[in-house]
Amino acid sequence: MNRMVDRSLQTRVKPVRLGFLGIGWIGRNRMEAILRTRMAEAVAIADPCEEMITEALRLAPDAEIVGGLDALLSLDLDGVVIATPSALHAEQSIRALQAGVAVFCQKPLGRSAAEAEAVVAAARLADRLLGVDLSYRYTQGMQRIRDLIRNGELGTVFAADLVFHNAFGPDKSWFYDKSLSGGGCVIDLGVHLIDMALWCLDFPQVTDVTSTLMKGGEPISAAGDVEDFAIATLTLANGAVIRLACSWRLQAGCDAVIGADFFGTSGGASFRNVGGSFYDFAACRFRGTSTEELVRPPDDWGGRAAADWAARLASGQAYDPSCERLVEVAAIIDDIYRHA
């Protein structure tokens, strides 16, 4: 969010009252980003881990410690920030929205398009702001590339390649139970790639999806398998092609390989992590064989999605119809799993 807008909003709005449900590393990081805006106060926090509560109280020493979502919703909150296991996201988001409380939720919003659609419907009916932590939209690099595409400076974009390879796998057992997680690396990492591609291209119609999913180096063989490597191709209505690849525990010689390349009739653009980092990104523009640097690190982007949601909530924004795009992303993930 623009810092000038940030400062002006601070002078005009009363801080919103927020509850935080789940305050592990990501939950605390988002709490810190939100509180830094000074547009919100942490009224209460809920987490089953005493160690996590102790760490969160360093950020919000006056926050009340409560037992769960029901207790949070009894406190006359304006919004709740949800960073719990994926299986709980849709149900908890719907309960909060039905109680008249705005929601900022970790991805994925649901384990399926049906779950995501139910949450969006609840937000629409309650007329409450719904946000999801699709944080790569908020990097300087992706925003510059999106502007190039939207302004027509790359011509007609006919191909995009996006990757997210993580040298590590999740450390929580529920990630490997499809009934709880919704899937493996596609719903965990690929959701970012799908969102980045469609967001940059203004959410074009996807007419065909093909995919290959693997586990332990072999094609998945059972419906309950959770993939650790995936490749998918999305064909758009205009014939353009988006190719996606993502994985857990890939032996690629570094911690992470993250990138998004867009190729158009008048040029190209690339977004890449630097030195295997999860946090440092560079972006550049291509003209024929020449390269122009657009963005280089550092860029403190991690909490911007949460901070933007808090600022919009503090300014009085209610239901945002753009959140319906979340259902489109979830439907493509369903198609990737269905094809495989």
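The values are calculated or read from the model by the stated rules, or taken from the named source; none is laboratory data. Predicted, not measured: the structure shown is a model, and the values here were computed from it. Using ideal geometry, Cβ is built from the backbone for each residue, glycine included, and neighbour counts are taken over all protein chains shown. With ligands, DNA and RNA removed, areas are computed over all heavy atoms of the protein, side chains included. Shrake-Rupley method; radii C 1.70, N 1.55, O 1.52, S 1.80 Å.
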Just a yes or no: is a residue in region 286-295 over 27 Å from Gly152 (Cα atoms) and either under 20 Å from the mean Cα position of the chain (by Cα) or part of a loop (DSSP other than H, G, I, E, B) (or both)? no
Residues located in region 307-340, provided they are touching a residue at least 24 places away in the same chain (Cβ under 8 Å), open to solvent by 60 Å² or more (accessible area, probe 1.4 Å) and under 16 Å from the mean Cα position of the chain (by Cα): Glu324, Arg325, Glu328
Among the residues listed as Lys107, Lys14, the single one being open to solvent by 20 Å² or more (accessible area, probe 1.4 Å) and within 22 Å of Leu326 (Cβ to Cβ): Lys107
Please specify each residue of region 125-164 satisfying the condition of being polar (S, T, N, Q) and open to solvent by less than 10 Å² (accessible area, probe 1.4 Å). Ser135, Thr139
Restricting to region 63-93, count the residues that are within 19 Å of the chain's Cα centre (by Cα), more than 20 Å from Trp25 (Cβ to Cβ) and surrounded by 21 or more Cβ atoms within 10 Å (Cβ to Cβ). 3
Which one of these is under 18 Å from the mean Cα position of the chain (by Cα) and either among the small types (Gly, Ala, Ser) or closer than 26 Å to Arg146 by Cα (or both): Ser266, Ser247? Ser247
Considering residues that are in contact with a Phe, Trp or Tyr (Cβ under 9 Å, 6 or more places away or on another chain) and open to solvent by 10 Å² or more (accessible area, probe 1.4 Å), the number found within region 113-124 is 1
Within region 71-88, how many residues are hydrophobic (A, V, I, L, M, F, W, C) and in a helix (DSSP H, G or I)? 5
Out of (1) touching a helix residue (DSSP H, G or I) at 6+ places or on another chain (Cβ under 7 Å); (2) open to solvent by 40 Å² or more (accessible area, probe 1.4 Å), what's the single condition that is false for Gly182? (2)
Residue count, region 194-219 (criterion: surrounded by 15 or more Cβ atoms within 10 Å (Cβ to Cβ) and out of contact with any helix residue (DSSP H, G or I) (no Cβ under 8 Å at 6 or more places or on another chain)): 4
Regarding Glu55, is this residue in contact (Cβ under 8 Å) with a residue 24 or more places away in the chain, of a type outside the set (Val, Ile, Thr), open to solvent by 60 Å² or more (accessible area, probe 1.4 Å) and over 30 Å from Ser290 (Cβ atoms)? yes
Return yes when Trp301 is over 29 Å from Ala121 (Cβ atoms), open to solvent by less than 30 Å² (accessible area, probe 1.4 Å) and under 17 Å from the mean Cα position of the chain (by Cα) and no when it is not. yes
